[in-house]
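Reviewing the structure listed below.
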Amino acid sequence: MDHNESQHEVFINSKPEDSETFIADLRTSFYEVTKGWRKFEDYTESKSENFDSVFNKNIRKGSGKILTVPSSLLAETEKICQKHDIKMTSFGNKKMTQNDLIMIDQQFIIAEQFIPRSM
């Protein structure tokens, strides 16, 4: 998910009526999409404690960058923002790369494309 999809920077342009519910809805939505394999905090710009206060501050004031998400989570983010009447803007490319996998014994190779050739 994170490695084969483009990343999008998400900015909000208005504030939610209830910021705690907005954050909880984002967290729940991300958990459902990722099936618990990724933490919500993985998508906040910085993993430092300092950013958490900046993240919350940007939501409370209704302005600024709040997340960096892969394409598969962008639609969920848009849905939650619409639900809470929040205007958002995202920057990024919606290109998704499909990769192939070859396993030989315990080794594996991931590539965009394999081209078989006779020897």
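Which one is nearest to GLU5 (Cα to Cα) among residues in region 56-78 that are open to solvent by 10 Å² or more (accessible area, probe 1.4 Å) and either within 13 Å of the chain's Cα centre (by Cα) or of a type in the set (A, V, I, L, M, F, W, C) (or both)? Show your work before the answer.
So the first thing to find is which residues in region 56-78 are open to solvent by 10 Å² or more (accessible area, probe 1.4 Å), and the list is 56-58, 60-61, 63-65, 68, 71-72, 75-76, 78.
So of that shortlist, the ones also either within 13 Å of the chain's Cα centre (by Cα) or of a type in the set (A, V, I, L, M, F, W, C) (or both) come out as 65, 68, 71-72, 75-76, 78.
Numbers: LYS65: 20, THR68: 12, SER71: 6, SER72: 8, ALA75: 13, GLU76: 15, GLU78: 17 Å.
Residue satisfying both the conditions and the ranking: SER71.
Find all pairs meeting these conditions: Cβ atoms under 7 angstrom apart; at least six residues apart or on different chains; first residue within region 107-119 and in a loop (DSSP other than H, G, I, E, B); second residue among the hydroxyl-bearing types (Ser, Thr, Tyr).
GLU112/THR97
All but one of (1) modelled with pLDDT of 90 or more; (2) more than 15 Å from PHE30 (Cβ to Cβ) hold for ILE102, so report the exception by its number.
Condition not satisfied by ILE102: (1).
Can you tell me which residue in region 4-39 is least open to solvent (accessible area, probe 1.4 Å), limited to those that are under 30 Å from ALA111 (Cβ atoms) and among the basic types (Lys, Arg)?
Filtering region 4-39 for residues that are under 30 Å from ALA111 (Cβ atoms) and among the basic types (Lys, Arg), the one least open to solvent (accessible area, probe 1.4 Å) comes out as ARG38.
The values are calculated or read from the model by the stated rules, or taken from the named source; none is laboratory data. For clarity, every value in this text was computed on a predicted model and none was experimentally measured. With ideal geometry, Cβ positions are generated from the backbone for all residues, glycine too; neighbour counts draw on all protein chains shown. To get the accessible areas, we keep the full protein, side chains included, count just its heavy atoms, and leave off ligands, DNA and RNA. Shrake-Rupley method; radii C 1.70, N 1.55, O 1.52, S 1.80 Å.
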